[in-house]
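Please read the structure below before turning to the comments.
The values are calculated or read from the model by the stated rules, or taken from the named source; none is laboratory data. Because the structure is a prediction, the values reported are computed rather than measured. Virtual Cβ from ideal backbone geometry, glycine too; neighbours counted across all protein chains shown.
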Amino acid sequence: MFSNHFTLTKRLLGLLMLIGGIAGFAAIMAIDLLDVGREGGIGPAQQIALALCVLLAFLGVTLIPLGDDPA
Amino acid sequence: MIAALVILLFHLMVYGVFALNLMQFPFDYDQGEGFELVDTILFSQGQFPYRDTNVYPFYSSNYPPLFHVIAAPFVWLFGEAYWYGRLLGTLSAIIAACAIGYAVYRDGGRQRWVAVLSGLAFLASNTVYHIAPLFRQHMTMVMFETLAIVVLANVNEIKDQRRRRRVLFTGLAFVLAAGYTKQLAIATAIAVFVFLFIRQPRRSLVWGVGFALVGGAIFLWMNIATDGQWWLQTITANVNQFIPEQTVGLFRLWFSLHGFLIVPAALYILYELYFSRLSIYAIWFIAGVGVSILSGKWGAGDSYFTTSIAGLCILSGLFAAKTMRREWVNFPINLYTRRIILPLWRVANRLSGVGVLLIPLLYIGYGIATLHMPTQGAVFSTVADVFNIQPNAQNGFYDSAGRIAGGYADIGHLTSQADIDAGWHIVDLVRATDQLVLSEEASFNLIAGKDVITNPTQLLNLAQQGLFDSSALIAMIERQDFGLIIMRAQFYPVDVLQRIAVYYEIVETVPMNGFEYMILAPRSTPLPE
């Protein structure tokens, strides 16, 4: 990965986006799960962020079948 | 193409008229311009504007220094004035537009007309028009961002190592300059390093470490030199309340104005994502849209979309250039080509011919969607009459943009002689008192030769986070140390406004630029508590 000739493939980029989307989704949900003192559930800003994480993960999934094409 | 060019050149003329009009206006036009001038004056005297706001004169800047440092030599040459800051903003937008046009020309197969339209489209945006001719640093940041992106776009393809390093160094220097002009350039920094990482992770990490060291060293030096005020005033104080409705409203406005170019830009990104390689332009646009979400912060607004507008002008230009070259017939074979493109092949071939006709229509549609112009004056009144354009904003101005959410800047109209006269009247009132004057805008005090006291929005930023001790300012209000208080938007923290209401009363209201300036004088007897 750290060679002068390495470049990300569509598959690897897709995997990174999928992982990033899932991790982001989990982190945003964790704000409510861990912060027990909060009221009002998932707010509008969190909803926007969750939607973006889902979109990121979805795009990542669609890139994986493109295999070794350079990203 | 000619019709699109005529419409966008008309926009350019309106932009030039507005910029010239503002350069001749000697007072604040947009709230906060005067404080940018104060920052510039302080830098010209070798002083930092990041100061303790709990003590007199309760003033601090909340922006990084580069724009003010660039403007500082003008203070040495011309004294305290607004025109040079507005000139710098105006020129920054023109340089950014030229860079956009150049990028489309270079990377879009040398389509001259499309390149010109792309650059003009940037200047035609209502957002750019509103913000660029002001004494504000935002457009200078966007200029540095655009230059960085255009410089770095093809850096990975440079074979000669020395030349590649030179280009990388230049591009990253522009990113650093953007960041030290305004904090929002973080989006461009992220985009640049994501792009470098995708193309070659090693290069991204090596240069990223160097970039972080240089940027961090400057940051640390300023923080030490200002005794921590740099961190407090520019970082901590800027973490404001987020209003989701404001973000949603401003995104609706952004799409309604720029939709004609957003759609082709988005299609071009999808093409790169699935059938080509992701360019720095695509990643920059996405980062620019991402940072626009912050437009919902208190104190933020439509200016936060300017980076994304620069990006969409380049991407839509590349889409248009590819269409004009009829190159949408060469898709690499992959899963999505087989599933989506090949079944549509016959239709696509016919559409490529239609596309050549469609491109000028896109720019004509964009030019109409972003229409903004004075409806008074020699040329403009004739155009307004012919096309039945009615004013819908201040001072006989038509603006296709409008306030559908908080954070929208109600500006863009030309100033009049009556506005200038009103400003001088307020200056006369300030000069007439021997006492200090507390003003929400700096220009009246600066021209009258009195101390500029407070930066109200910054005090409110700090107060909302419990970081402003208002006791010394309130003590001055209660002692009626101020001979006059001048307010326009009442941006002071609530407790300060409450004490002003008890100890001061409105003695005059002066209309200027469509706003009501309240002149308050000490009450002979304070209101009962």
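Counting only helices (runs of 4 or more DSSP H) wholly contained in region B:190-307, the ones carrying 2 or more residues that are closer than 30 Å to residue B:54 by Cβ and either in contact with a helix residue (DSSP H, G or I) (Cβ under 7 Å, 6 or more places away or on another chain) or modelled with pLDDT of 95 or more (or both) occupy B:201-225, B:229-234. Taken across region B:377-396, residues that are within 13 Å of residue B:514 (Cα to Cα), at pLDDT below 95, in contact with a helix residue (DSSP H, G or I) (Cβ under 8 Å, 6 or more places away or on another chain) and of a type in the set (Val, Ile, Thr) do not occur at all.
Given A:33, A:13, which one is closer than 19 Å to residue B:286 by Cα, free of Cβ contacts under 8 Å to residues at least 60 places away in the same chain, out of contact with any His (no Cβ under 7 Å at 6 or more places or on another chain) and not small (Gly, Ala, Ser)?
On the way: A:33 fails: closer than 19 Å to residue B:286 by Cα.
Unique residue meeting the criteria: A:13.
If you go through region B:366-388 and pick out every residue that is over 15 Å from residue B:7 (Cα atoms) and surrounded by fewer than 17 Cβ atoms within 10 Å (Cβ to Cβ), you end up with 7.
Checked against (1) among the small types (Gly, Ala, Ser); (2) within 18 Å of residue B:355 (Cα to Cα); (3) surrounded by fewer than 24 Cβ atoms within 10 Å (Cβ to Cβ), residue B:316 meets all criteria but (3). Sub-6 Å Cβ pairs linking a first residue in region A:47-71 that is away from chain B (no Cβ under 11 Å) to a second residue that is among the β-branched types (Val, Ile, Thr) and assigned to a helix (DSSP H, G or I), at least 6 apart or interchain, are A:50/A:28; A:57/A:22, ordered by first then second residue.
Do you know which of the residues in region B:219-261 that are more than 14 Å from chain A (Cβ to nearest Cβ) and small (Gly, Ala, Ser) is nearest to residue B:312 (Cα to Cα)? So the residue we want is B:259.
Let's see how each residue does on (1) of a type in the set (S, T, N, Q); (2) at pLDDT 95 or above; (3) outside the structural domain of residue B:486 (by TED's automatic domain parsing); (4) over 22 Å from residue B:485 (Cβ atoms):
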position: B:403; (1), (2), (3), (4): no, no, yes, yes
position: B:406; (1), (2), (3), (4): no, no, yes, yes
position: B:411; (1), (2), (3), (4): no, no, yes, yes
position: B:422; (1), (2), (3), (4): no, yes, no, no
position: B:446; (1), (2), (3), (4): no, yes, no, no
position: B:464; (1), (2), (3), (4): yes, no, no, no
position: B:468; (1), (2), (3), (4): no, yes, no, no
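Filter region B:223-246 for residues that are surrounded by 15 or more Cβ atoms within 10 Å (Cβ to Cβ) and hydroxyl-bearing (Ser, Thr, Tyr); which is nearest to residue B:43 (Cα to Cα)? Once the filter is applied, the top-ranked residue is B:226.
Consider region B:393-404 and keep the residues that are in contact with a Gly (Cβ under 7 Å, 6 or more places away or on another chain) and assigned to a loop (DSSP other than H, G, I, E, B). The one that is surrounded by the fewest Cβ atoms within 10 Å (Cβ to Cβ) is B:404.
Among (1) charged (D, E, K, R); (2) within 14 Å of chain A (Cβ to nearest Cβ); (3) not in a helix (DSSP H, G or I), there is one condition residue B:326 misses while meeting the rest; what is its number? Failing condition for residue B:326: (2). When you scan region B:421-446, how many residues do you find that are crowded, with 16+ Cβ neighbours inside 10 Å, part of a helix (DSSP H, G or I) and of a type in the set (A, V, I, L, M, F, W, C)? Of the residues in region B:421-446, 7 are crowded, with 16+ Cβ neighbours inside 10 Å, part of a helix (DSSP H, G or I) and of a type in the set (A, V, I, L, M, F, W, C). Scanning region A:6-16 for residues that are more than 16 Å from residue B:334 (Cα to Cα), within 10 Å of chain B (Cβ to nearest Cβ) and not polar (S, T, N, Q) gives A:6, A:8, A:12, A:13, A:16. Pairing residues of region B:44-60 that are in contact (Cβ under 8 Å) with a residue 24 or more places away in the chain and more than 13 Å from residue B:232 (Cα to Cα) with residues that are surrounded by fewer than 19 Cβ atoms within 10 Å (Cβ to Cβ) and not hydrophobic (A, V, I, L, M, F, W, C), at Cβ distances under 8 Å and at least 6 apart in sequence or on separate chains, gives B:44/B:73; B:57/B:451.
Every condition in (1) touching a helix residue (DSSP H, G or I) at 6+ places or on another chain (Cβ under 6 Å); (2) part of a helix (DSSP H, G or I); (3) loosely packed, with under 15 Cβ neighbours inside 10 Å is met by residue B:349 except one, and the failing one is (1). Candidates are the residues of region B:191-217 that are touching a residue at least 40 places away in the same chain (Cβ under 8 Å) and away from chain A (no Cβ under 13 Å); the one that is nearest to residue B:289 (Cα to Cα) is B:191. Taken together, the criteria place residue B:459 among residues that are within 30 Å of the chain's Cα centre (by Cα), touching a residue at least 40 places away in the same chain (Cβ under 8 Å) and not in a loop (DSSP other than H, G, I, E, B). Of the helices (runs of 4 or more DSSP H) lying entirely inside region B:58-166, those containing at least 2 residues that are modelled with pLDDT of 95 or more and of a type in the set (Gly, Ala, Ser) are B:66-78, B:83-107, B:112-124. Being free of Cβ contacts under 8 Å to residues at least 60 places away in the same chain, crowded, with 23+ Cβ neighbours inside 10 Å and assigned to a helix (DSSP H, G or I) is a property that residue B:172 has. Does residue A:24 fit the bill of being away from chain B (no Cβ under 11 Å), at positive phi and out of contact with any Ser or Thr (no Cβ under 7 Å at 6 or more places or on another chain)? It is false that residue A:24 is away from chain B (no Cβ under 11 Å), at positive phi and out of contact with any Ser or Thr (no Cβ under 7 Å at 6 or more places or on another chain). Just one of the listed residues (B:490, B:458) is surrounded by fewer than 20 Cβ atoms within 10 Å (Cβ to Cβ) and either in contact with a helix residue (DSSP H, G or I) (Cβ under 8 Å, 6 or more places away or on another chain) or assigned by TED's automatic domain parsing to the domain that holds residue B:238 (or both), and it is B:490. Within the option set B:38, B:6, being touching a residue at least 40 places away in the same chain (Cβ under 8 Å) and farther than 19 Å from residue B:93 by Cα holds for one residue only, B:38.
Looking at the structure I just gave you, is residue B:513 buried (at least 17 other Cβ atoms within 10 Å of the Cβ) and within 30 Å of residue B:397 (Cα to Cα)? Here the answer is yes, as residue B:513 does meet what is asked.
From the list B:266, B:300, the lone residue that is surrounded by 21 or more Cβ atoms within 10 Å (Cβ to Cβ) and outside the structural domain of residue B:469 (by TED's automatic domain parsing) is B:300. Looking at region B:386-437, which of its residues are under 12 Å from residue B:373 (Cβ atoms) and among the charged types (D, E, K, R)? Residue satisfying the conditions is B:399 alone.
Name the single residue, out of those in region B:269-318 being hydroxyl-bearing (Ser, Thr, Tyr) and within 14 Å of another protein chain (Cβ to nearest Cβ), that is nearest to residue B:195 (Cα to Cα).
For region B:269-318, the residue satisfying everything is B:279.
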